[in-house]
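Report on the following structure.
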Amino acid sequence: MPASIVLIGPPGAGKTSVGKALAKATTSQFIDTDALIEKDQGKSISEIFVDQGEVFFREVEERVCVDTLANVNGIISLGGGAPLSPKVQNILKESGLHVIFLDVSLAVAAPRIGFNRDRPLLLNNPRQQWQLLMDKRRPIYEDVATDIVEVGQLSVSALCEAILAKVSV
């Protein structure tokens with residue numbers, strides 16, 4: 001298994017749930033960059049968006065992700081928008097990290113995230129906003145990923161098995 005596995009994908013793909021299970025299965029540490037951003041700023045991502053705006057959030061996100069990808073080994077879950085950063089894209093493509101795109105449909109993602117939680121980019125017409133985000137992000141996710149795993153109706157353990165089969169090849 002490579003030193004790090006990086007999970008990318010949209011909200012509702014299961015990056016956190018799968019990441020925690022992968023970390024347990026591989027006795028690796030689990031790092032969620034959204035949690036690191038909240039710790040760094042002392043507030044939730046929603047509060048950062050409201051108080052400082054998306055541009056500020058993306059700057060913090062880029063800094064935290066670049067630092068994490070360069071310095072931490074384990075299972076790393078990136079926030080859904082993190083791969084939009086050219087610096088993060090470059091690291092994902094050039095570093096030799098195993099980057100797994102958890103590809104999920106709106107039909108599967110919707111019940112998982114409920115569209116009523118603190119997801120600042122999904123506040124107005126959440127289903128349409130999710131689809132617009134995914135349409136914009138999909139080409140980037142596909143470009144930086146070393147492998148794509150279709151989430152579908154797979155359980156967390158089945159997703160872990162699929163990922164481990166890809167990274168141990």
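Near ILE91: Cβ cut-off under 12 Å, other residues only, Lys/Arg at +1 and Asp/Glu at -1. The net charge is -1. From the coordinates of this entry, volume of the Cα convex hull per residue in Å³ is computed, and it appears in (i) 147; (ii) 116; (iii) 103 under the label (iii). Once phi is turned into θ = phi - 60°, what whole-Hz ³J(HN,Hα) does the Karplus curve with 6.51, -1.76 and 1.60 give for every residue of segment 79-95, x standing for Gly and Pro? With coefficients 6.51, -1.76 and 1.60, one gets x, x, x, 4, x, 5, 6, x, 5, 5, 4, 4, 4, 4, 7, 9, 8 Hz. Length gained on full extension, GLU47 to GLU161, computed as 0.36 nm times the residue gap minus the Cα-Cα distance: 37.5 nm.
With Cα atoms as the point set, segment 5-82 shows a radius of gyration and Dmax of 12.5, 38 Å.
Taking the beta-carbon count within 10 Å as an exposure proxy, list THR33, THR16, THR27 from fewest neighbours to most.
On the way: THR33 23, THR16 14, THR27 7.
Least to most surrounded, the residues fall as THR27, THR16, THR33.
Provide the net charge surrounding ARG138, with neighbours chosen by a C-beta distance below 14 Å and charges set as Lys +1, Arg +1, Asp -1, Glu -1. Numbers along the way, then the final one.
Values: positive: LYS136, ARG137; negative: ASP103, ASP135, GLU142, ASP143, GLU150.
Net charge around ARG138: -3.
Other residues whose C-beta falls under 13 angstrom from the C-beta of ALA70 contribute a net charge of -1, scoring Lys and Arg +1 and Asp and Glu -1.
For the chain, what does the helix formula give at 222 nm: sum of -39500 (n - 2.57) over DSSP H segments with n ≥ 4, over the residue count, nearest 500 deg cm²/dmol?
It lands at -17500 deg cm²/dmol.
Every number in this text was worked out from the coordinates using simple rules, so none of it is lab data. Treat the numbers as computed from the prediction; the structure is a model and nothing was measured. Cβ sites come from the backbone with ideal geometry, for glycine too, and all protein chains shown count toward neighbours.
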